[in-house]
1. Taking region 42-62 as the search range and keeping residues that are in a loop (DSSP other than H, G, I, E, B) and loosely packed, with under 14 Cβ neighbours inside 10 Å, which one is modelled with the highest pLDDT?
2. Among the residues of region 16-32, which ones are at pLDDT 60 or above and surrounded by 10 or more Cβ atoms within 10 Å (Cβ to Cβ)?
3. Search region 1-29 for residues that are assigned to a strand (DSSP E or B) and pair each with any residue that is at pLDDT below 70 when their beta-carbon atoms are under 8 Å apart and the residues are at least 6 apart or on different chains.
4. Answer yes if at least one residue in region 69-84 is more than 24 Å from residue 15 (Cβ to Cβ), touching a helix residue (DSSP H, G or I) at 6+ places or on another chain (Cβ under 7 Å), modelled with pLDDT of 90 or more and not in a helix (DSSP H, G or I), and no otherwise.
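The values are calculated or read from the model by the stated rules, or taken from the named source; none is laboratory data. Computed from a predicted model, the values in this text were never measured in an experiment. Here the Cβ positions follow ideal geometry from the backbone for every residue, glycine too, while neighbour counts run over all protein chains shown.
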C-alpha cells in the first residue's frame, strides 16, 4: 500500500492518493492464512462516502476485489444512517464533498 499527500499551499486544496495492490487468492482459508503470515491486513468492513459516484463505484470495486465488505453512500446524511445500521471498521470520506458538508 502507498499513500501520498500533496498540496500546492494554503487555500489550494490537497490531493490524497491511496494505492492498494490487487491480490487474487484461491479460497477463503488460504486468504486468511496468507494475511496472517504476510502481515497484510485482513478484509474489513468499509464505508465509502463520496458525492462523485464514478469515483465511489471504482474504489468500491477495487476494495471488494481485495476481499473487503464495502458499503457506499453518495451523501453525508445516508452515510451517518449507514454507520448506525452497519458499523464499519474503516470509513473513507471525501470531506470536501458538498453533500457531506451539508449533513454536518
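1. Of the residues in region 42-62, the ones in a loop (DSSP other than H, G, I, E, B) are 42-44, 50-52.
Those still in the list that are loosely packed, with under 14 Cβ neighbours inside 10 Å too: 42, 52.
Numbers: 42: 83, 52: 89.
The residue in question is 52.
2. Initially, region 16-32 is screened for residues at pLDDT 60 or above, giving 16-23, 30.
Passing the criteria: 16, 18, 20, 23, 30.
3. Within 8 Å, the pairs are 18/1; 19/1.
4. yes
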